[in-house]
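*Asks:* One structure, as structure tokens, below. Some questions next.
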Amino acid sequence: MDIPSKYDPSKTEEKWYQTWIDHGIFRSSPDEREPYTIVIPPPNVTGVLHMGHMLNNTIQDILVRKARMQGKNTLWVPGTDHASIATEARVVAHLKESGIEKSDLSREEFLTHAWGWRKKHGGIILEQLKKLGASCDWDRTKFTMDDDMSESVIRVFVDLYRKGHIYRGVRMVNWDPSAQTAVSDEEVVHKEVESKLYYIKYKIEKEDSWLTIATTRPETILGDTAVCVHPEDDRYRHLQGKRILIPLLNRSVPIITDEYVDREFGTGALKITPAHDENDYEIGLKYDLDVIDIFNDDGTLSEKAGLFIGEDRFAARDMVMQKLEEQGHIVRIEDYVNKVGFSERTDAVIEPKLSLQWFLRMEELAKPALQNVLNDRVKLHPPKFKNIYRHWMENVRDWCISRQLWWGHRIPAYYLPTGTILPTGENVIVAETVEEALTVARRETGNSSLPISDLKQDEDVLDTWFSSWLWPITVFDGIRYPENPDITYYYPTNDLVTAPEILFFWVARMIIAGYEYMGEKPFQNVYLTGIVRDRLGRKMSKSLGNSPEPLELIRKYGADGVRVGMLLCSPAGNDLLFEENLTEQGRNFGNKIWNAFRLIKNWHCDDELVQPRYAALAVEWFEGKLYQAIEIMEQQFSEYRLSESLMTMYKLFWDEFSSWYLEIVKPAYRKPIDKKTYESTIEFLEKLLKLLHPFMPFITEEIWHLLRSRSTGDFIAVASMPAGAGYDKKMLERFEKTKETVSAIRTVRKENNIPLKEPISLNVMEKEEVYDNRFGEILKKLCYLSDINFISEKMDGAVTFIVKTTEFYIPLGDKMNVEEELSRLQAELSYTRGFLSMVMNKLKNERFIKNAPEHVVQSEMKKKSDAETKIKVLEERIAHLK
């Protein structure tokens, strides 16, 4: 067979991916098998592949491919999220490039452009995931604004409204002036910024006295409607009940008292701006203060500000300060570090703003979602996130679910003509369709001729998360048809792989929706990945210029190399420091696998040859080593320690299979190998390929088909994963001693300039314990030994070395340099004494003895015993040579 000398991913990856697709390998429909289901965290329809996606989807694909090879009916559902804020911003920017303003378009015209943009760009990221090897059922691809998905979202809104969970009201919200919409608490990123603390004088009304107030936002002075001091602050008792004049405006406002005031902050006197600070708003409600909203939706000053109308809020800050300086109101300015909220979507500074919005009451809905994470019905991996989850859920706030956008699910609320009031006192009807709303309106108002044109639908859309919180249900159409075959078979799903930063505003809400609408958890396990960072610890992002282009990495190192590179640095829940040399290491591992395959396939097999004893021993040993690795991997997978599982395979293939097993069994140059060993080696390689396939799907499929002639449909992607079996642990431990012996003999050859092909004799000191020589034939082959002898007396004219507690001698006769041998033994003795000292310090530590697992303590005791024996032997040998 003509096997290329080098593996070329560019010639195999696209070929095998298309072959898998053509043969329906990734397709799934309900049957009698056990299902294994993952729903993809839907990337934004605006998105392109970044390093976080690479990590997340690599992990998902590993889990799915492994389950598929375990015989489960696997389904990985792909799809995209409509991403209201991000998509609308992209479309608006795209229109501006063509000279079109959003304000020039009707809603319908804008949505036509948005759908056109989605059609052109919306599937890019899913096509990119295919390059990575994602084994999704692409026939089931969903979009959060598909007709069936949208209908489900609207139905849930109506249901929750009728249950009393959804309400409309004026509340202080997080306002994004860039996107001109409200955003939820979870979409606000708080950053420490270097600010200023401004000390400003306010004049007491009808007095020639002043009160100094500290603020970080002097522009909001224009919206002040009170000044507040602590009722027990003796400095200001004389001011209680008086009035004060707002600088620049000379507006008279009351001086009020409240225990909320922090007497240690600033001067202990607080300006109250109910329209632009959440705490001030609460105080305003408590004391019935006026509310003056000085900002327009775009962050410019409104007419109510009275000054600097139309100016941007930050420009207005400078203007206010200049005016205050001119009028003598500035006392001093200090540097000040504080936390400021930024929009997670646009990075604009969030403006607290009173706004009429729709809200979802969360307290009651959240209870089952909290309880079932705390009792581990839904398991978080790693479990450290459980306490963070509990804190958030125990302090959950009502969810602002309305957004002032056009792209998204329009709120199904229909307003009656002005002056028309329902018996409930409301003028709004919530219904799934305008026709249903009209029926209700006619019935409730008694006006059977009320025209449909009189009903005006709410202009706002729902928060994007209000659709994605239903994702594990709606991808199976479980809201509209809760007993359909798909939802009853695939729900609850098995694993969710996502990032910790969306634990609350996506994961928690999906759990809430699962219990509300299915009476069951949406998934059994949540695997929380870390954040991909560069070697300086910075989060990788295109804006920082520190993120490599994922598709370029795949072109350079192959998808398998990139997948391995991502996994080599990604412990669950911990951030990972990514460096490109890790993907190079992944590619090199692929080359190692390829070279091992080429070596084996180029052997000539002789059916007449009898299997040598060393080969039979090697087969027995590696079979045990393979079963041990399978046992370890299963434990690691059960705990979602996937990077450790990959490393188990990495070491098994590179160290045990390539460096030891193949070295033992390979025939001499241009000599044949016996059939029994050859078939065992092929079987081992097949099992190794199967174990590696979830991590490295492309190269394993390529070698699988080159290794043997395969029937149609015989893909490694659907082959059975190797099962574990019993193995002899003592035998494996004994072989580790053999490895050390081989290394020691090779060192003796090197240090004494003994040619590799010159036979030498190995002498083993036998004392009370009988030496286990079961791997003697392997020692002979690997070390070119003429014989192995057992002695009871120390040998003269021989180099000695010790493995564990066994003494070995290699006779050198007059070639031996006694001084060099003594120097070597002294160095080894010094090292062993230092090693014993470290072990003794650990064993003298009471905390270690008390807290460490018993097997760890026993391991240290064994090290102590072996070191003591070795020291004794070395001391005796040194004394003998002297």
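*Asks:* Tally up the carbon and sulfur contribution to the accessible surface of the range 518-589 as a whole percent, 1.4 Å probe, everything protein left in place.
*Replies:* Details: 1320 of 2970 Å².
The computed percentage sits at 44.
*Asks:* Let me understand the range 398-470 better: what is its radius of gyration from the alpha carbons, and its Dmax, in angstrom?
*Replies:* Reported Rg and Dmax, both Å: 13.6, 39.
*Asks:* Run through all the Cα pairs of the range 295-392 and give the fraction in each 5 Å bin from 0, expressed as whole percent.
*Replies:* Binned Cα distances yield the sequence 2, 9, 11, 12, 12, 13, 9, 8, 8, 8, 6, 2, 1.
*Asks:* Please list the non-local residues whose amide H lies under 5 Å from the amide H of His50, H modeled 1.01 Å from N, same-chain partners needing a gap of 5 or more.
*Replies:* Placed amide hydrogens put nothing under 5 Å from His50.
*Asks:* Setting aside same-chain residues fewer than 8 positions from Lys339, which lysines have a Cα under 27 Å from its Cα?
*Replies:* Answer for Lys339, where 27 Å is the Cα cut-off: Lys191, Lys196, Lys201, Lys271, Lys286, Lys323, Lys353, Lys384, Lys386, Lys539, Lys542, listed by chain and number.
*Asks:* Out of the DSSP beta bridges found with both residues in the chain, what percent are antiparallel (nearest 5)?
*Replies:* On the way: 64 of 93 bridges.
Roughly 70 percent of the DSSP beta bridges within the chain come out antiparallel.
*Asks:* Would you mind estimating how fast the range 420-538 diffuses translationally, via Stokes-Einstein at 25 °C and 0.890 mPa s with the Kirkwood radius over Cα pairs, in µm²/s? Numbers along the way, then the final one.
*Replies:* Numbers: Rh = 17.8 Å.
Rounded, D is 138 µm²/s.
*Asks:* Provide the net charge surrounding Val857, with neighbours chosen by a C-beta distance below 13 Å and charges set as Lys +1, Arg +1, Asp -1, Glu -1. Intermediate results must be reported in sequence, preceding the final value.
*Replies:* Values: positive: Lys842, Lys844, Arg847, Lys850, Lys862, Lys863, Lys864; negative: Glu846, Glu854, Glu860.
So the surrounding residues net to +4.
*Asks:* Can you give me the Cα centroid spacing of the range 1-68 and the range 443-514 in angstrom?
*Replies:* For the range 1-68 versus the range 443-514, the Cα centre distance is 28 Å.
*Asks:* So, one more: In nm, give the distance between the simple-model label positions of Arg670 and Ala725, each being 7 Å from the Cα along the Cα-to-Cβ direction.
*Replies:* 3.8 nm
*Asks:* Taking all protein chains as present, what is the carbon and sulfur share of the accessible area of the range 335-413, in % to the nearest whole number, probe 1.4 Å? Display every interim value, and only then the final one.
*Replies:* Working: 1710 of 3600 Å².
Answer for the range 335-413 is 48 percent, counting heavy atoms of protein chains only.
*Asks:* Hey, another quick one. Less than 11 Å Cβ to Cβ from Arg749, Lys/Arg counted +1 and Asp/Glu -1: what total charge do the surrounding residues give? Walk me through the numbers on the way to the answer.
*Replies:* Values: positive: Arg746, Lys750, Lys757; negative: Glu751, Glu758.
Cβ neighbours under 11 Å give a net charge of +1.
*Asks:* To the nearest 10 square angstrom, how much accessible area does Ser209 have with a 1.4 angstrom probe?
*Replies:* Counting only protein heavy atoms, the figure is 40 Å².
*Asks:* Follow-up question, since we're still on this one. Considering only protein heavy atoms, what per residue accessible area in square angstrom results for the range 387-478 with a 1.4 angstrom probe?
*Replies:* Details: 3860 Å² over 92 residues.
Computed with neighbouring chains in place, this is 42 Å² per residue.
*Asks:* With a 1.4 Å probe and every protein chain kept in, tell me what percent of the accessible surface of the range 636-715 is carbon plus sulfur. Mind dumping the intermediate values first?
*Replies:* On the way: 1410 of 3020 Å².
Ligands and nucleic acids excluded, carbon and sulfur give 47 percent.
*Asks:* Sorted from largest down, give the three principal axis spans of the alpha carbons of the chain, whole angstrom values.
*Replies:* 114, 68, 50
*Asks:* Along its three principal axes, how long is the range 782-882 when you only count alpha carbons? Whole Å, largest extent first please.
*Replies:* Sorted largest first, the three principal extents are 54, 28, 24 Å.
*Asks:* Ignoring everything but the protein chains, give the 1.4 Å probe accessible area of His880 in square angstrom, nearest 10.
*Replies:* Its accessible surface works out to 80 Å², give or take rounding.
*Asks:* Calculate, for the range 175-262, the solvent-accessible area per residue in square angstrom, rolling a 1.4 angstrom probe over the heavy atoms of the protein chains. Walk me through the numbers before you get to the answer.
*Replies:* Working: 3760 Å² over 88 residues.
Per-residue accessible area for the range 175-262 comes out at 43 Å².
*Asks:* Keeping all protein chains in place and using 1.4 angstrom, which order do Val818, Val92 fall into by accessible surface area, from largest down? Before the final figure, lay out the partial values.
*Replies:* On the way: Val818 65, Val92 35 Å².
Listed by decreasing accessible area, they come as Val818, Val92.
*Asks:* Hey, another quick one. Can you return the lysines within cross-link range of Lys130? Criterion is Cα-Cα under 19 Å, with same-chain partners fewer than 8 residues away left out.
*Replies:* Lys11, Lys15, Lys66, Lys119, Lys120, Lys142, Lys556
*Asks:* Regarding the range 278-344, what's the average projected area of the Cα-atom convex hull, expressed in nm²?
*Replies:* Details: hull surface 26.4 nm².
If I average the Cα hull's projected area over directions, I get 6.6 nm².
*Asks:* Please report the spacing between the Cα centers of the range 275-350 and the range 159-237 in Å, no decimals.
*Replies:* After rounding, the separation between the Cα centres reads 8 Å.
*Asks:* Still on this structure, I have one more. Which percent of Cα-Cα pairs in the range 665-708 sits in each 10 Å bin, short to long?
*Replies:* Computed distribution, short to long bins: 26, 42, 27, 5.
*Asks:* Which residues' amide hydrogens lie under 5 Å from the amide hydrogen of Thr267, considering only partners 5 or more residues apart or on another chain, with H built in the peptide plane?
*Replies:* Correct list: Ala214.
*Asks:* Moving on to the next point. Measuring from centroid to centroid over Cα atoms, what is the spacing of the range 115-136 and the range 839-862 in Å?
*Replies:* 54 Å
*Asks:* With a 1.4 Å probe and every protein chain left in place, work out the accessible area per residue of the range 615-735 in Å², rounded to a whole number.
*Replies:* On the way: 4740 Å² over 121 residues.
Normalised by residue count, the accessible surface of the range 615-735 is 39 Å².
*Asks:* Viscosity 0.692 mPa s, temperature 37 °C: give me the Stokes-Einstein translational D for the range 26-104 in µm²/s, with Rh taken as the Kirkwood radius over C-alpha pairs. Walk me through the numbers before you get to the answer.
*Replies:* Numbers: Rh = 15.3 Å.
Estimated diffusion coefficient is 215 µm²/s.
*Asks:* Please go through the range 484-562 and write out the GluC sites (Glu not before Pro) that DSSP classes as loop and that have at most 15 other C-beta atoms within 10 Å. List each step's numbers first, then the result.
*Replies:* Values: sites: Glu501, Glu516, Glu520, Glu552; in loops: Glu520.
Here the sparse-neighbourhood loop sites are Glu520.
*Asks:* Using DSSP to define loop residues, name the chymotrypsin sites (Phe, Trp or Tyr not before Pro) in the range 669-753 whose beta-carbon has at most 15 other beta-carbon atoms within 10 Å. All intermediate terms of the calculation are to be shown ahead of the outcome.
*Replies:* Details: sites: Tyr669, Tyr678, Phe684, Phe695, Phe698, Trp704, Phe715, Tyr727, Phe735; in loops: Tyr669, Phe695, Phe715, Tyr727.
Taking the range 669-753 and a limit of 15 other Cβ atoms within 10 Å, the loop chymotrypsin sites (Phe, Trp or Tyr not before Pro) found are Tyr669.
*Asks:* Then there is this: List the residues, sorted by chain then number, that are 5 or more residues from Val803 or on another chain and whose placed amide H is less than 5 Å from its amide H.
*Replies:* For Val803, the qualifying residues are Phe808.
*Asks:* For Asp575 and Asn338, what does the FRET efficiency come to when R0 = 30 Å and r is the distance between their Cβ atoms, rounded to the nearest 0.05?
*Replies:* Details: r = 26 Å, r/R0 = 0.86.
The calculated FRET efficiency here is 0.70.
*Asks:* First select every other residue whose beta carbon is under 15 angstrom from the beta carbon of Ala719; then total the charges, Lys and Arg +1, Asp and Glu -1.
*Replies:* Summing Lys and Arg as +1 and Asp and Glu as -1 gives +3.
*Asks:* What do you get for trypsin sites (Lys or Arg not before Pro) in the range 653-705 restricted to DSSP loop and a cutoff of at most 14 other Cβ within 10 Å of the site's Cβ?
*Replies:* Details: sites: Arg670, Lys675, Lys676, Lys687, Lys690; in loops: Arg670.
Qualifying residues, ordered by number: Arg670.
The values are calculated or read from the model by the stated rules, or taken from the named source; none is laboratory data. Values in this document were obtained by computation on a predicted structure and should not be read as measured data. When we count neighbours, we look across all protein chains shown, and the Cβ atoms used for this are built from the backbone with ideal geometry, even at glycine. Just the protein is used for accessible areas: all its heavy atoms, side chains included, with ligands, DNA and RNA removed. Shrake-Rupley method; radii C 1.70, N 1.55, O 1.52, S 1.80 Å.
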